[in-house]
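Report on one structure; see the data block that follows.
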Amino acid sequence: MKRRNFIHNSSCAGLATILLGAYACKENKKEASEKEEAPEAAEATTVPFFELSLAQWSIHKMIREDGLDPYSFAEKAKAWGFSGLEYVSQLYDPELKKANYSPEAMAAFVEKSNAEAKKHGMQNVLIMIDRQGNLAVTDAEERQAAVEQHYKWVDAAAAMGCHAIRVNLAGSDVPEDWKKNSVDGLTKLATYAKDKNINVIVENHGGLSSNGAMVAEVMEIVNMDNCGTLPDFGNFCIKRNDPEDYSAGCADMYDIYKGVAELMPHAKAVSAKSHRFDSEGNETEIDYEKMLQIVKNAEYKGFIGVEYEGDELSEEAGIIATKNLLLKIGKQLS
């Protein structure tokens, strides 16, 4: 081979080697980059096993103390990143009670709420009913009156596309009487709600309703598809030192994790209660990872409602902190 050709061929071979090396290097960097990005992409696409709703009680101070219009609920919840709405009946008492809960007043409540939910693309999930009588009271006439006072809220929930109303099982403090009364009250109310496709769900909300085992037993006796529970992470005080002063503390506290586990087999909604957070964003009184594992173990996939009740943060900051904690742990468990 002539020297000129040899040099030319050698130069081409060298250039090809350099180009191939550069290409290989580029491909290696691309693969490495893809490997580095993969976990982040996977993390971004991971979604929790539940949907998020906002309990309107989380903004009760804004409504009662700051004059916030309760009908701005949908707008606020949307802005904070929620998709579902959990209404609280007593926050509309100023107008509804004044009108004696007339059909016209209830229809106006439904129409305004539906309009706001539609406007902001939100889903009406449930209505939490308070101050409508005691469903577990021993007096039969009083109990029947309480059942009937809930009818209008069943109708409202149906008209709003909700799946449930949340009720309280207040009444007798005698376990056997409470259980019998609860079965009667819930059976009658759930029978009315059945044709409306509305669930009647019980929250652990003080008194014997905070005894998870007893509520679960009531559910098994009632044995109706549209009667269930709404486990709340934090409402497990059966008896307070002073019923008129919540700051006096609890005299008889039921185990919160045991209680939620007992209620979850009958759960049609879940409430994530929160009060205060540490510097890392964890709730200081409730182990959210343990709670959410209990919820997941029950194969629950519905809405979890944020219900912030603390006083160390503003209501907005507390709501966001609770939401962020749920999403963080929910993604880890998914």
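The values are calculated or read from the model by the stated rules, or taken from the named source; none is laboratory data. Just so it is clear, the model here is predicted, and its values are computed rather than measured. Don't worry about glycine lacking a Cβ; one is built from the backbone with ideal geometry, like all the others, and counts go over all protein chains shown. Just so you know, the surface numbers come from the protein's heavy atoms only, side chains and all, with ligands and any DNA or RNA stripped out. Shrake-Rupley method; radii C 1.70, N 1.55, O 1.52, S 1.80 Å.
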Step through the residues of segment 65-75 one at a time and calculate ³J(HN,Hα) from phi using the Karplus curve (6.51 cos²θ - 1.76 cosθ + 1.60, θ = phi - 60°), rounding each to whole Hz and writing x for Gly and Pro. 9, 9, x, 5, 5, x, 7, 8, 3, 4, 4
Rounded to whole Å², per residue accessible area for segment 64-168 with a 1.4 Å probe reads 45
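Wrap a convex hull around the Cα atoms of segment 266-334, take a quarter of its surface area, and give that in square nanometres.
The orientation-averaged projected area of the Cα hull of segment 266-334 comes to 4.5 nm².
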Within the chain, what whole-number % of the accessible surface is contributed by carbon and sulfur, with the 1.4 Å probe and all protein chains included in the calculation? 50
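Measure up Lys180/Lys290; Lys98/Lys323; Lys273/Lys301; Lys78/Lys152; Lys301/Lys328; Lys180/Lys301 against 24 Å on the Cα-Cα distance and list the ones that go over. Before the final figure, lay out the partial values.
Details: Lys180/Lys290 33 Å; Lys98/Lys323 35 Å; Lys273/Lys301 18 Å; Lys78/Lys152 27 Å; Lys301/Lys328 16 Å; Lys180/Lys301 31 Å.
Distance filter (> 24 Å) returns Lys180/Lys290; Lys98/Lys323; Lys78/Lys152; Lys180/Lys301.
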Run the numbers on the chain and let me know its relative contact order in percent, using alpha-carbon pairs under 8 Å that are six or more apart. 17
Interchain or sequence-distant (5+) residues whose placed amide H lies within less than 5 Å of the amide H of Ala164 are Ile127, Asn199
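Can you work out D for the chain in µm² s⁻¹ from Stokes-Einstein, where Rh is the Kirkwood radius over C-alpha pairs, the temperature is 25 °C and the viscosity is 0.890 mPa s? It would help to have the intermediate numbers written out before the result.
Numbers: Rh = 22.3 Å.
In µm²/s, the coefficient rounds to 110.
Which value, to two decimals, describes the C-alpha radius of gyration of segment 156-225 once divided by 2.2 N^0.38 Å? Present the calculation step by step, with values, prior to reporting the outcome.
Numbers: Rg = 12.2 Å, N = 70, 2.2 N^0.38 = 11.1 Å.
The reported ratio for this selection is 1.10.
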Per-residue ³J(HN,Hα) for segment 160-167, Karplus 6.51 cos²θ - 1.76 cosθ + 1.60, θ = phi - 60°, Hz, x for Gly and Pro: 9, x, 6, 9, 7, 10, 9, 10
Among 161-172, 240-251, how do they line up by average Cβ neighbours within 10 Å per residue, starting with the highest? 161-172, 240-251
Once you put a point 7 Å from the Cα of Thr46 and another 7 Å from the Cα of Arg131, both along the Cβ direction, what distance in nm separates them? 4.4
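Order the peptides 103-112, 219-228, 286-295, 48-57 from the highest to the lowest mean number of other Cβ atoms within 10 Å of their residues. Working shown, then result.
Details: 103-112: 15.0, 219-228: 17.0, 286-295: 19.4, 48-57: 22.7.
Most protected by this proxy first, the peptides run 48-57, 286-295, 219-228, 103-112.
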What does segment 70-185 give for Rg and for Dmax, in Å, if only its C-alpha atoms count? 15.7, 48
